[in-house]
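The structure under discussion appears below in the form of structure tokens.
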Amino acid sequence: MNAHRVRFQYFLVPLYFSSPYALNLGNDMHDGSSFCSILVHLQSCSAAHLRYFSQANQLSAESLKSFANQLKEKCNNVLVMAGAGLSTPSGIPDFRSPDTGLYYNLKQYNLPYPEAIFDLVYFEQDPRPFLTLAKELYPGGKYHPNLGHHFIHLLHKKGKLLRMYTQNIDGLERLSGIPEEKLVEAHGGFSTASCIRCSKKHDPHKTREDILQGKTVYCDRSFCKGLVKPDIVFFGEALPERFWLHEIDASLADFLIVIGTSLEVYPFAGVADAVQFNIPRLLLNRTVVGSFGYRDHDAILSGDITEGIKSLASALDWTTELDELVRQYEQLN
């Protein structure tokens with residue numbers, strides 16, 4: 001209930017300006033009864049949105065087909081946002097799940113707190129936990145893109161992908177074939193490496209080889225000798241400059257797809273609300289998150305993400321092409 005109160009306050013202004021009262025108030029704003037009627041109207045609007053949000057309504061096949069037709073026929077600037085839920089079907093555990101999460105698997109190092117693995121000060125004191133995680137996640141190792149990654153690649157091949165913003169550091173988007181210029185890895189990745197002290201760029205391929213061999217990598221500048229790591233964003237570090245492309249992309253997007261994220265980590269989560277209010281927004285996630293359900297053009301496919309991708313591909317009549325992309329990747333890898 002408290003969360004609903006917060007959401008009501010947050011969406012009070014947008015709901016007001018979308019209401020009929022915003023169109024012709026005139027001097028009635030000085031009339032207390034009129035203002036009260038506005039509030040009553042806002043509460044009724046909000047309640048309707050909250051009911052939709054609370055129920056996490058599943059799209060009917062007919063509604064999904066309508067959404068898919070709009071994407072297929074009218075939209076050529078699709079913005080995609082993705083989080084850890086996109087990668088879990090590839091076998092990558094999330095960070096916080098009890099007994100299976102990546103934090104749990106690092107308990108042998110007696111981290112003072114789980115997030116210390118991404119703390120620069122702690123990394124300088126003991127780089128082993130992060131390097132162990134890096135060995136596990138390096139692209140091209142044990143994990144491969146899944147149907148969701150291939151679907152986004154297909155969006156690109158269809159000429160519809162404006163940009164993909166990902167919170168994931170596993171590099172599976174690149175492996176699936178999505179080109180670098182279409183990607184924004186908001187929390188960094190393994191494609192580059194730098195010294196944490198002097199910021200000198202180091203060969204990412206050699207850094208990878210050394211880390212996979214269990215070595216700690218140091219800067220080759222004689223006056224520095226700081227630790228070198230892949231350019232994954234640690235706590236307190238600035239996001240990559242490319243992330244701020246979203247300020248332009250959000251205004252250009254004509255369709256938003258959000259996959260497998262809690263939309264709780266900012267500023268990444270704010271991109272979902274930065275897109276224009278009148279464009280379709282589609283959420284594929286186990287649960288309803290963020291502001292989804294509050295806009296007239298929102299749609300939600302809750303439940304298993306892979307099944308959601310299959311349903312969307314089917315509604316678009318892209319199943320055969322998607323299956324072919326998967327087959328091509330598997331032949332090459």
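Points worth noting:
- Partner lysines for LYS74 [C-alpha distance under 29 Å; skip if fewer than 8 residues away on the same chain]: LYS65, LYS157, LYS158, LYS160, LYS182, LYS310
- GLU307/LYS65 FRET efficiency (R0 25 Å; Cβ-Cβ; nearest 0.05): 0.95
- For segment 183-220 versus segment 257-322, the gap between their alpha-carbon centres in whole angstrom: 33
- Computed log₁₀ I(q)/I(0) - Debye formula, equal Cα scatterers, no solvent, segment 158-312, q 0.12 Å⁻¹: -0.62
- Percent accessible area from carbon and sulfur atoms, segment 63-205, protein chains only, probe 1.4 Å: 48
- Taking a straight Cα-Cα cut-off under 19 Å and skipping sequence neighbours fewer than 8 places away in the same chain, the aspartates and glutamates within cross-link reach of LYS200 are GLU124, GLU209, ASP210, ASP220, ASP231, GLU237, GLU241.
- Segment GLU330-GLN276, length gained on full extension (0.36 nm per residue, minus Cα span): 15.7 nm
- In this rough spin-label picture, where each label sits 7 Å from Cα along the Cβ direction, the PHE223-THR320 distance is 6.5 nm.
- The residues of segment 218-333 present an accessible area of 47 Å² per residue when probed at 1.4 Å with all protein chains retained.
- GLU180 versus CYS198: modelled label distance in nm, points set 7 Å from Cα along the beta carbon direction: 2.4
- Sparse-neighbour loop sites [GluC sites (Glu not before Pro); segment 224-331; at most 14 other C-beta within 10 Å; DSSP]: GLU237, GLU264
- Of LYS142/LYS201; LYS107/LYS201; LYS142/LYS229, pairs whose Cα-Cα distance is over 23 Å: LYS142/LYS201; LYS107/LYS201
The values are calculated or read from the model by the stated rules, or taken from the named source; none is laboratory data. These numbers were taken from a predicted model, which means no experiment stands behind them. Note that we place each Cβ from the backbone using ideal geometry, even for glycine, and neighbour counts take in every protein chain shown. When the accessible area is computed, the model is the full protein with side chains, heavy atoms only, and any ligands, DNA or RNA have been set aside. Shrake-Rupley method; radii C 1.70, N 1.55, O 1.52, S 1.80 Å.
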